[in-house]
Amino acid sequence: MSESDGIDDAVSGGFRQSLMLASQIAERLARARQESMRQRQDQVERSQTEAQRQITAERTAMRATVAPTEHGRWWDQATPDQVVEAYQAAEAWKDHDPQALAASERINQEVGRRYGINTHDLNGDSQYLGSAVEAQQAEQARTQAVRDHQGSMALIAAAQAEEIRANAAALRPEIERHQVPEDYLANPELVEALNNSREATGPEATAETDRAVAERMYLIEKDGVNGPSIEQLREEIGQNYSGADDSLFKDPEFVNAAKDWHESKALAEGGFLEKGNTGLEARYGNSEKELFDRIGPMGRDIESDVLKDNAENLRGQAGDARASSAAAYGSAQHNQEFANSLKGSANEEHIQGRVLAATDQAKHPGDAVKGPAKAPKARKANLGTGMGKDKSRGGPAR
């Protein structure tokens, strides 16, 4: 065997080892690459699954939001926020979901019919839609409230008309005897007086009930079938009593007392004292006393406050004038005015003497008549001083 054969075997062995190592590395890289590709595929699939799950959840939520728009009852009660929410959901999905597309058209029809708004012109401006729906709903609520009130008033008027017809039939003789207009029967006090007149027996009772009917008709002619309004009572009482605060007229008992006072006053002014109503004077006095008992304390408080303020203002003004006068007294201007006032009644020498005396005095007459802030204590007489010279042990000196 030659030496070259050994070298060739060594080189060949090393080469084979290198190839085996390279093959192992390539295999590991291939496996790593395959694992990476598999992981990426798994990630994509997970992402797609998550995305699909999210899309499904959003689609489900959308359908739950727009589904109620199929029912008219929902539209009758829907708030502006609910309408906007349904509109936004339908607009976002209408290119991807048939139910959303159908809801979008239905919303446009209902909003147009109910609120006069074409959603196709909004360009997705849901804020404007909410404001417009809110304004329209508020206007519709006001209109409905007016209709409800009118309906209630119509029902009340119908019931009142039926009651008037029933009373007119039952009280026909009294109505004709007292010549009562039928619409006056809407006044319950007059109906009561007519009933009493119908049931009266004997001359005295008949005269009393006839007078009550005449009084009630006089008050209706003066104040109307429904009597005086609170505004009328407030104005009349304000003209006769000070301190009648507006808050008093929120008290039903006070309003009833005010109405009783108003009626008794109106009857007295109408001459019903001369028509045999001997209790009217007492009624007027009692109603006036009740009003005064309710208003009086408030009026006295107001009067006290006003008088106190006026007194303080007057004292302040007097003090200011007094201070101003005292400040000017003894000044050169005051002395000159004093000298001018003496001219014609004294010679110049006398005038100068008077001015000089006033300057020396330099005290305002008001201050001159003031007593001292604190009277000085009287000194105790010393009984022994000055008396010993005139007295002896036996008695006074002669």
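The values are calculated or read from the model by the stated rules, or taken from the named source; none is laboratory data. Bear in mind the structure is a predicted one, so any value in this text is a computation, not a measurement. Here Cβ is always computed from backbone atoms with ideal geometry, including for glycine, and neighbour counts include all displayed protein chains. The protein model used for the area step is the full one, side chains on, heavy atoms only, and it has no ligands, DNA or RNA in it. Shrake-Rupley method; radii C 1.70, N 1.55, O 1.52, S 1.80 Å.
Using a Cα distance threshold of under 21 Å, what count of lysine pairs results for region 183-282 when pairs must be 8 or more residues apart or interchain?
The number of close lysine pairs in region 183-282 is 5.
Compute the Kirkwood hydrodynamic radius of region 215-285, taking the inverse of the mean of 1/r over all pairs of distinct Cα atoms, and give it in Å to one decimal.
After inverting the pairwise mean of 1/r, the radius is 12.8 Å.
Seen from all sides and averaged, what is the projected area of the convex hull of the Cα atoms in region 20-165, in nm²?
Average projection, Cα convex hull of region 20-165: 13.4 nm².
Through the Karplus equation 6.51 cos²θ - 1.76 cosθ + 1.60, θ set to phi - 60°, convert the phi angles of region 158-164 into ³J(HN,Hα) values in whole Hz; use x for Gly and Pro.
Whole-Hz 3J(HN,Hα) from phi for region 158-164: 5, 5, 5, 4, 5, 5, 4.
Report ³J(HN,Hα) in whole Hz for each residue of region 137-143, in order, from the Karplus equation J = 6.51 cos²θ - 1.76 cosθ + 1.60 where θ = phi - 60°; Gly and Pro get x.
For region 137-143, the Karplus-derived couplings read 5, 5, 5, 5, 5, 5, 4 Hz, x marking Gly and Pro.
At 37 °C and 0.692 mPa s, what whole-number value in µm²/s does Stokes-Einstein give for the translational diffusion of region 81-228, with Rh from the Kirkwood sum over Cα pairs?
160 µm²/s
Please calculate how many Å² of accessible area region 202-249 carries per residue, with a 1.4 Å probe and no DNA, RNA or ligand atoms counted.
55 Å²
If you take the beta carbon distance between Arg40 and Arg73 as r and set R0 to 41 Å, what does 1/(1 + (r/R0)^6) give as a FRET efficiency, to the nearest 0.05?
Between Arg40 and Arg73 the formula returns 0.20.
Could you state the accessible area per residue of region 67-164 in Å², with a 1.4 Å probe and every protein chain left in place?
63 Å²
Assuming 0.36 nm per residue, please report the length gained on full extension of the stretch Arg53 to Asp183 beyond their Cα-Cα distance.
39.2 nm
Suppose the chain between Ala268 and Ile25 were pulled fully straight at 0.36 nm per residue; how much longer would it get relative to their current alpha carbon spacing?
Here the answer is 74.7 nm.
Per-residue accessible area for Lys94 at 1.4 Å probe radius, Å² rounded to 10?
Counting only protein heavy atoms, the figure is 60 Å².
Sequence-distant or interchain residues sharing an amide H contact under 5 Å with Ile117, placed H: which?
Answer set, sorted by chain and number: Gly112.
Between Glu221 and Lys275, 0.36 nm times their residue separation minus their Cα-Cα distance comes to what?
Length gained, Glu221 through Lys275: 17.7 nm.
May I ask you to evaluate 6.51 cos²θ - 1.76 cosθ + 1.60, the Karplus curve with θ = phi - 60°, for each residue of region 54-59 and list the ³J(HN,Hα) values in order in whole Hz, giving x for glycine and proline?
Using θ = phi - 60°, the values come out as 5, 4, 5, 5, 5, 5 Hz.
Over the heavy atoms of Ser197, what accessible area does a 1.4 Å probe trace out, to the nearest 10 Å²?
10 Å²
Gln88 versus Arg63, label points 7 Å from Cα toward the beta carbon: distance in nm?
2.2 nm
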